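Asker: One structure follows; several queries about it will come next.
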Amino acid sequence: MIRVILIEDHDLTRVGIRAALQQREGFEVIGDARDAKSGLRLLRTSQPDVAIVDIGLPDSTGIDLTQQFKQAQAAGESPNTRILIMTMQDSEDTVLAAFAAGADSYCMKDASIDKLAQAIQTTAGGNAWIDPAIARVVLHQTQKAYTSNQQSPEAATISINRLSDEDFIPAYPLTERELEVLKLIVDGCSNAQIAEKLYITVGTVKTHVRNILNKLCADDRTQVAVRALRTGLVQ
């Protein structure tokens, strides 16, 4: 059973999504909110598996809410909750801002309930889900970052550009702290050793490791280390 909350200011949309999910097996909607303030409070008290967050909230934005929650999560709060952004906006700036804030997945509001259910299941499983309608935005940005990094290897922006055997796969930027954790993973350090070296808690390390695995689409620490070395992310 996947525990879900909705943070959406449009009443009809919120009620409609809630009703649709409650009719499907495997989902439990445990709460909803119509603004960022009450939504953030609900996130912290209910600790759902997935929070569906609208970008356009009356008192703030879903992006700001996501950033605030992810900062608290990095400190060990609600470590298992994932954020699924749901909006009608597919502009490049909005999409990239959402992922930069720490969103785990991104779904368009005009998606079918089947597609939304798939997005929630994927997100709850620890993987990123990107609506096909905005995948081109992420791919375009990754291609630009790859070109920029090729021209300027010392660029301050750290981005992951992964090449599979057949496809160029888009990915998300690592934070400076995530890059530090990644380097220590490659060195073979345990979570406890990483925590000691970076002066952070083991819970915070686990959150960073999980985020790194998601961003590099890796199943375990060994796979993430191999991909980091293959792409030159860690020397």
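Read-outs: derived from the displayed coordinates by stated rules, not from any lab. The shown structure was predicted, so the numbers you read here are calculated from the model rather than taken from an experiment. Heads up, the Cβs are rebuilt from the backbone with ideal geometry, glycines too, and the neighbour counts pull from every protein chain shown.
Asker: Suppose each label sits 7 Å from its Cα in the direction of the beta carbon; what would the Arg44-Asp219 distance come out to in nanometres?
Answerer: My value for the distance between the label points is 3.8 nm.
Asker: Here is a follow-up. Where does region 1-109 land on Rg/Rh, using Cα atoms and the Kirkwood Rh?
Answerer: Rg divided by Rh gives 0.93.
Asker: Roughly how far apart, in whole Å, are the Cα centres of region 184-212 and region 95-119?
Answerer: Value for the Cα centre distance between the two parts: 28 Å.
Asker: Which order do the peptides 22-33, 4-15 take when ranked by the mean count of other beta-carbon atoms within 10 Å per residue, highest first?
Answerer: The densest-packed peptide leads the list: 4-15, 22-33.
Asker: In Å, what Rg and Dmax follow from the Cα atoms of region 186-225?
Answerer: 9.9, 27
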